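The values are calculated or read from the model by the stated rules, or taken from the named source; none is laboratory data. Just so you know, these numbers come straight off a predicted model, no measurement behind them. Positions of Cβ are backbone-derived with ideal geometry, glycine not excepted, and every protein chain shown enters the neighbour counts. Accessible surface is based on the protein model in full, side chains and every heavy atom, while ligands, DNA and RNA are left aside. Shrake-Rupley method; radii C 1.70, N 1.55, O 1.52, S 1.80 Å.
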Amino acid sequence: MTWLKEVIGTEKAIIAMCHLLPLPGDPHFDAEKGMEYVIEMARKDFLALQEGGVDAVMFSNEFSLPYLTDVKTETVAAMARIIGELMPLIKIPFGVNVLWDAKKSLDLAVATGAKFVREIFTGVYASDFGLWNTNVGETIRHQHRIGADNVKLLFNIVPEAAKYVADREIESVVKSTVFNNRPDALCVSGLTAGAETDDQILQRVKKTANGTVVLANTGIRLENVERQLAVADGAVVGTTFKHDGVFENHVDIERVKALMDKVKAFRKDAIVV
């Protein structure tokens, strides 16, 4: 049994993304509609995900494009306000992802009581955001300084829109990441949100992970969810839950229910080791 059962309540868990609209300070923030509109849309999307039957939710500033690797205070403050206002409605476990700033993700987790964070904790990358460096030693020490010891860390080891500066096989990345950092989970992604996770890479990561939880991080759809969950321990799902499966749209509860019905049938029939 993995920690998914203890923290989220099931193996082969589906963590749904609740994508927040642009926030104050973001280039595309709608100052005329203001934070009240952002909160209302987050409430609408969250309830559709929760009522649609997902196992957990992860709040992220997905529309804070283009992303920062040193996120500003106003972004974290806005995310904390949104989650705080939704708190009376939240009945399922939740996590947070402040794109792309691992320490601020942990700060938000402590402030809101989130159970997990997903981030780029390790590596140096050539990315759309420039040369992208990390300092996992400082991040983990920050985690313990602020009392986030029980927050699960989901390591994104195949970052979206980025490539390792060093040319390393994925098995090498997995082995060193697990040995040096003891991650709670490894997230395997496609190129962008909504892009299918490569089956072969997912299998290679799972084979090398030495018991560490492995999550398919992008591109889960009705037609591939069973195949991906046959390898992965769970999945992070965002775009396919949107109206017409379009990243920019809001959540469609019927699409949520359809995928979760398929996942629950798969879990019922599968032998989960």
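I need the full set of residues from the stretch 93-132 which are of a type in the set (A, V, I, L, M), open to solvent by less than 40 Å² (accessible area, probe 1.4 Å) and touching a helix residue (DSSP H, G or I) at 6+ places or on another chain (Cβ under 6 Å), in order please. Outline the logic, then answer.
Kept after step one, since they are of a type in the set (A, V, I, L, M), are these residues of the stretch 93-132: 96, 98-99, 102, 106, 108-111, 114, 117, 120, 124, 126, 131.
Next, only the ones that are open to solvent by less than 40 Å² (accessible area, probe 1.4 Å) stay: 96, 98-99, 102, 106, 108-109, 114, 117, 120.
Within the stretch 93-132, Val96, Val98, Ala102, Leu106, Leu108, Val117 qualify.
Taking only the stretch 183-193 into account, find how many residues are part of a loop (DSSP other than H, G, I, E, B) and either in contact (Cβ under 8 Å) with a residue 60 or more places away in the chain or polar (S, T, N, Q) (or both).
Taking the stretch 183-193 and keeping what is part of a loop (DSSP other than H, G, I, E, B), we get 183-184, 189-193.
Among the residues that remain, those that are also either in contact (Cβ under 8 Å) with a residue 60 or more places away in the chain or polar (S, T, N, Q) (or both) are: 183-184, 189, 192-193.
Here the count works out to 5.
For Ala270, only one of the following conditions fails: (1) at pLDDT 95 or above; (2) over 17 Å from His19 (Cβ atoms). What is its number?
(1)
Mind checking which residues of the stretch 205-219 are surrounded by fewer than 17 Cβ atoms within 10 Å (Cβ to Cβ) and touching a helix residue (DSSP H, G or I) at 6+ places or on another chain (Cβ under 7 Å)? Break it down stepwise before answering.
Quick first cut of the stretch 205-219, residues surrounded by fewer than 17 Cβ atoms within 10 Å (Cβ to Cβ) only: 207, 210-211.
Listed by number, the list holds a single entry, Asn210.
Please name all residue pairs, on different chains or six or more residues apart, with Cβ atoms under 7 Å, provided the first residue is in the stretch 166-182 and is under 13 Å from Thr122 (Cα atoms) and the second residue is open to solvent by 50 Å² or more (accessible area, probe 1.4 Å).
Sorted first by the residue in the stretch 166-182, then by its partner, the pairs are Val178/Asn210.
Can you confirm whether Thr69 is open to solvent by 30 Å² or more (accessible area, probe 1.4 Å) and under 17 Å from the mean Cα position of the chain (by Cα)? Reasoning before the result, please.
Working: open to solvent by 30 Å² or more (accessible area, probe 1.4 Å): yes; under 17 Å from the mean Cα position of the chain (by Cα): yes.
Criteria met by Thr69.
Select, from Glu160, Glu196, the only residue that is closer than 26 Å to Gly130 by Cα, touching a Leu at 6+ places or on another chain (Cβ under 7 Å) and not in a helix (DSSP H, G or I). Before you say what the answer is, go through the steps one by one.
Details: Glu196 fails: touching a Leu at 6+ places or on another chain (Cβ under 7 Å).
Sole residue among the options that is closer than 26 Å to Gly130 by Cα, touching a Leu at 6+ places or on another chain (Cβ under 7 Å) and not in a helix (DSSP H, G or I): Glu160.
Tell me yes or no: at least one residue of the stretch 175-193 is of a type in the set (Asp, Glu), over 20 Å from Met58 (Cβ atoms) and either out of contact with any strand residue (DSSP E or B) (no Cβ under 6 Å at 6 or more places or on another chain) or open to solvent by less than 50 Å² (accessible area, probe 1.4 Å) (or both). Lay out the reasoning, then the answer.
Taking the stretch 175-193 and keeping what is of a type in the set (Asp, Glu), we get 184.
Retained after the next criterion (residues that are over 20 Å from Met58 (Cβ atoms)): none.
No, the stretch 175-193 has no match at all.
Looking for something more than 17 Å from Met58 (Cα to Cα), open to solvent by 20 Å² or more (accessible area, probe 1.4 Å) and aromatic (Phe, Trp, Tyr) - is there at least one such residue anywhere in the stretch 237-254?
Scanning the stretch 237-254, I find no residue that is more than 17 Å from Met58 (Cα to Cα), open to solvent by 20 Å² or more (accessible area, probe 1.4 Å) and aromatic (Phe, Trp, Tyr), so the answer is no.
Where residues in the stretch 71-121 are of a type in the set (Asp, Glu) and not in a helix (DSSP H, G or I), which of them is farthest from Met35 (Cα to Cα)? So that I can check it myself, show each step before the final result.
The initial filter retains those residues of the stretch 71-121 that are of a type in the set (Asp, Glu), namely 74, 85, 101, 107, 119.
With the extra rule that they be not in a helix (DSSP H, G or I), the set shrinks to 101, 119.
On the way: Asp101: 22, Glu119: 25 Å.
Only one residue fits best here, namely Glu119.
Collect the residues in the stretch 16-32 that are more than 17 Å from Glu254 (Cα to Cα), in contact with a helix residue (DSSP H, G or I) (Cβ under 9 Å, 6 or more places away or on another chain) and of a type outside the set (Gly, Ala, Ser), keeping them in residue-number order. Spell out how you get there, then give the answer.
Just the residues of the stretch 16-32 that are more than 17 Å from Glu254 (Cα to Cα), to begin with: 19-32.
Okay, now just the ones that are also in contact with a helix residue (DSSP H, G or I) (Cβ under 9 Å, 6 or more places away or on another chain), so 19-26, 29-30.
If the condition is that a residue be more than 17 Å from Glu254 (Cα to Cα), in contact with a helix residue (DSSP H, G or I) (Cβ under 9 Å, 6 or more places away or on another chain) and of a type outside the set (Gly, Ala, Ser), then His19, Leu20, Leu21, Pro22, Leu23, Pro24, Asp26, Phe29, Asp30 are the ones that fit.
Return a yes/no flag: does the stretch 53-63 have any residue that is within 15 Å of the chain's Cα centre (by Cα), within 17 Å of Phe247 (Cα to Cα) and open to solvent by 10 Å² or more (accessible area, probe 1.4 Å). Let's see the steps before the verdict.
As a first pass, look at the stretch 53-63 and keep what is within 15 Å of the chain's Cα centre (by Cα): 54-63.
Of the ones still in play, those that are also within 17 Å of Phe247 (Cα to Cα) are 57-63.
Among the residues that remain, those that are also open to solvent by 10 Å² or more (accessible area, probe 1.4 Å) are: 62-63.
Checked the stretch 53-63: at least one residue is within 15 Å of the chain's Cα centre (by Cα), within 17 Å of Phe247 (Cα to Cα) and open to solvent by 10 Å² or more (accessible area, probe 1.4 Å).
For the list (1) open to solvent by less than 10 Å² (accessible area, probe 1.4 Å); (2) β-branched (Val, Ile, Thr); (3) within 16 Å of the chain's Cα centre (by Cα), I need the number of the one condition that Ile82 fails.
(3)
Just name the residue that is most open to solvent (accessible area, probe 1.4 Å) out of those in the stretch 5-46 that are basic (Lys, Arg) and in a helix (DSSP H, G or I). Give the derivation first.
Kept after step one, since they are basic (Lys, Arg), are these residues of the stretch 5-46: 5, 12, 33, 43-44.
Keeping just the survivors that are in a helix (DSSP H, G or I) gives 5, 43-44.
Numbers: Lys5: 95, Arg43: 60, Lys44: 110 Å².
Checking each candidate, the answer is Lys44.
Do the conditions hold for Ala148, that is, is it surrounded by 14 or more Cβ atoms within 10 Å (Cβ to Cβ), of a type outside the set (D, E, K, R), farther than 27 Å from Val110 by Cα and within 18 Å of the chain's Cα centre (by Cα)? Steps first, answer last, please.
Working: surrounded by 14 or more Cβ atoms within 10 Å (Cβ to Cβ): yes; of a type outside the set (D, E, K, R): yes; farther than 27 Å from Val110 by Cα: no; within 18 Å of the chain's Cα centre (by Cα): yes.
So Ala148 does not fit the description; no.
Of all residues in the stretch 211-246, which are modelled with pLDDT of 95 or more, assigned to a loop (DSSP other than H, G, I, E, B) and out of contact with any Leu (no Cβ under 9 Å at 6 or more places or on another chain)?
Within the stretch 211-246, Gly211, Glu223, Asn224, Ala230, Gly238, Val246 meet the criteria.
Quick one: count up the residues across the stretch 134-157 that are touching a strand residue (DSSP E or B) at 6+ places or on another chain (Cβ under 8 Å) and part of a loop (DSSP other than H, G, I, E, B).
Result for the stretch 134-157: 2.
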